[in-house]
């Protein structure tokens, strides 16, 4: 995704790197009892952290403590859990979303217009007005907005606003003119220009690959803008307990920002990068995946590819027409032959392949491609399907073959439920967001947020995974409750499985001797609390590599 120049923003400095931890630092008086009991161990009450940032010893009740440690940290009874791993997010997208116009709270078209107008007035120096997060499904109109409705509030500058799922954009007339999008512009392969009839005049919304028509003329951000966005993203992720993230769609510019942060000691989270296409893959990785850098904080694992679009913009590719739009089955961003060629190109150089697939037709196509390629590219490939959101029940068993990883996002189920019911109709709901069924095939389940499409906080997702209910407890009894997971399965999907999905097992993701000391201190025990309580969990402290990198100052006194 292209992001624009953020004129007028201060230069990034960022927090100073934390000091190296003292040798053999014990963290005691914490409660990891239910976590360890769930894994068959004794009651965890502390950790001993070595000066290399790894766990030197897991302390249980009754274990001997160091007699005279250089430094002792009292957790004051807080709940200790591993750092959360977001298996699918967009790091720079999160940072830029926090620095531009946010429309995610708009509950109507009029409210969105008011926010846009106020933002433009408050930022007269911005050459373009940029933002994201609008969702027509939350508005009474339940239709795409138009360029004319944007012109009514901002007519002096181009405006480009990305839909909440990132698969559509809303432009005003000046933005369409800057991109040269007219009634004679053809729809690109894998994309659609929404048009008015008769005449085919663009209405202002572009879907999937058609968004590139406008994005290519948006002024690119400066390196210092990217560094500021990365610093902001790290602050947000650490505040909600995310210590590692799979970055889907890494560009060379993103990678250089990560490297600058690593070189200066300001890379505080762990980033497993997946290049945005094979061209970026070769540019960043060259002959193959990169080594782990900066004490296991950065690696290019592989490549992110697209099979289809998203349900919200009716770009997800379905086997049968949409229930609420019988004239379309969605869009294939990448056709079967081209997709297999790109997957083969990546696999040949041992890059891990992650393919976005939401609709049942797209998922079936990716599964068929994996089945064909697995015969040529054997070994531990860990083929990833990103989202696997709508599956034909007849295809679910196929996920258990060839070491496939289903990278899914529980919060999509709760936020998408009414829209998914309308898009799919009752006949196709059995294979939608089917976590338990997927896990039952033997596939590895890794959970994430798709941030900034959804907030990156993992605990509402944890709550949804075990309850199939939203924050208000709806629907009663859970939506498709047979797909609920246990707490143990959910915790694994947010920790150890996330590490495994990124070839990071043995490095981080668990509270065991020898792995990186990435952990959280919480005010709520996710293994015991109610789903509502879990969704409201607050992180008290976040530790990465044995160093405290974030603290909730209002509730946690200096130790």
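Annotations for the structure displayed:
- Sorted fewest first by neighbouring Cβ atoms within 10 angstrom, 182, 162, 441 come out as 182, 441, 162.
- Ranking of 283, 206, 48, 150 by count of other Cβ atoms within 10 Å, fewest first: 283, 48, 150, 206
- Structural descriptor for the stretch 313-353: relative contact order 27 percent, calculated from alpha carbon pairs under 8 angstrom and at least 6 residues apart.
- Cα shape, the stretch 422-494, gyration tensor, a/c 1.5 rule: rounded
- Relative packing of peptides 384-390, 276-282, 473-479, 209-215 - highest average C-beta neighbours within 10 Å first: 384-390, 209-215, 276-282, 473-479
- Extension reserve of the residue 421-residue 505 stretch, reckoned as 0.36 nm per residue once the Cα distance is removed: 26.5 nm
- Whole-Å distance, taken between Cα centres, linking the stretch 348-395 and the stretch 187-229: 28 Å
- Rounded, prolate or oblate (a/c below 1.5 giving rounded, otherwise prolate when a/b exceeds b/c) for the stretch 440-559 by Cα gyration tensor: oblate
- Folded to 0 to 90 degrees: helix 223-239 orientation relative to the chain principal axis, Cα: 50 degrees
- Contact order, relative form, for the chain: 17 percent (alpha carbon pairs under 8 Å, 6 or more residues apart, mean separation divided by residue count).
- Residue ranges 372-381, 121-130, 225-234, 346-355 sort as 225-234, 346-355, 121-130, 372-381 when ordered by packing (mean number of other C-beta atoms within 10 Å per residue, highest first).
- The antiparallel fraction among DSSP beta bridges confined to the stretch 111-176 stands at about 40%.
- DSSP assigns beta bridges within the stretch 284-393; of those with both partners inside it, close to 25 percent run antiparallel.
- Gyration tensor (alpha-carbon) shape descriptor, the stretch 291-360, a/c threshold 1.5: oblate
- Cα-based helix-to-principal-axis angle, 410-424 vs the chain, degrees rounded to 10: 30 degrees
- Length-normalised contact order for the stretch 199-327 - Cα pairs under 8 Å, 6+ apart - percent: 20 percent
- To the nearest ten degrees, helix 336-348 and the longest principal axis of the Cα atoms of the chain are 30 degrees apart.
- For the chain, the antiparallel share of DSSP beta bridges with both residues in that region comes to about 45%.
- When peptides 406-414, 333-341, 514-522 are sorted by average Cβ neighbour count within 10 Å, with the highest value leading, the order is 406-414, 514-522, 333-341.
Values quoted throughout were computed directly from the atomic coordinates according to the rules given, and no laboratory measurement underlies them. Since we're looking at a predicted model, the values are computed, not measured. FYI the Cβ positions are ideal-geometry reconstructions off the backbone, even for glycines, and counts take in every protein chain you see.
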